[in-house]
Amino acid sequence: MLKNILSIDFETIPNKNVYHIGAVFKDKIFERKNITNIKTVLRDLSQFSKDADYILGHNIINHDLPVAKDILPEANFLTL
């Protein structure tokens, strides 16, 4: 059985501005709405997910991860 799975989802508007991020890791929930400082939120998400071994999400390869990489390339969840 897989353990330490981080599940994420980013919601963006067409210009790629992220306005909502949700994530689940083990029994913890991360959620930020009406985002005004995306770098701070991605740093918080990176800290939240620091013990994850795997990442899961809908369309994360073509959408969520490239958006995160453009904004905060050092985020640790980008290496999962």
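Of all residues in region 32-80, those satisfying the criterion of being among the hydroxyl-bearing types (Ser, Thr, Tyr), under 20 Å from residue 3 (Cβ atoms) and assigned to a helix (DSSP H, G or I) are 46, 79. The residues of region 54-69 that are charged (D, E, K, R) and modelled with pLDDT of 95 or more amount to a single one, 69.
Taking each residue of region 50-70 that is closer than 20 Å to residue 40 by Cβ and looking for partners that are surrounded by 11 or more Cβ atoms within 10 Å (Cβ to Cβ) and polar (S, T, N, Q) with beta-carbon atoms closer than 8 Å, six or more apart or interchain, yields 50/76; 52/4; 67/12. Looking across region 9-31, just one residue is acidic (Asp, Glu), open to solvent by 80 Å² or more (accessible area, probe 1.4 Å) and assigned to a strand (DSSP E or B), and that is 31.
In region 53-69, what count of residues is obtained for those that are aliphatic (A, V, I, L, M) and closer than 15 Å to residue 18 by Cβ? It would help to see each step written out before you state the result.
Going residue by residue through region 53-69, those that are aliphatic (A, V, I, L, M) are 55-56, 60-61, 65, 67-68.
Then drop every residue that is not closer than 15 Å to residue 18 by Cβ, which leaves 60, 65, 67-68.
The qualifying residues number 4.
A single entry from 6, 2 fulfils the requirement of being over 15 Å from residue 67 (Cα atoms), part of a strand (DSSP E or B) and either of a type in the set (A, V, I, L, M, F, W, C) or at pLDDT below 95 (or both): 6. Figure legend. Inter-residue proximity from region 1-21: first residues at positive phi, second residues crowded, with 16+ Cβ neighbours inside 10 Å, beta-carbon distance below 9 Å, spacing 6+ or different chains. Indicated pairs: 4/25; 4/52; 16/67. In region 27-49, the residue that is farthest from residue 63 (Cα to Cα) out of those that are at pLDDT 95 or above and among the charged types (D, E, K, R) is 28.
The values are calculated or read from the model by the stated rules, or taken from the named source; none is laboratory data. Remember, predicted model here, so these are calculated numbers, not experimental data. Note that we place each Cβ from the backbone using ideal geometry, even for glycine, and neighbour counts take in every protein chain shown. Note: accessible area is taken over every heavy atom of the protein model, side chains too, but ligands, DNA and RNA are not part of it. Shrake-Rupley method; radii C 1.70, N 1.55, O 1.52, S 1.80 Å.
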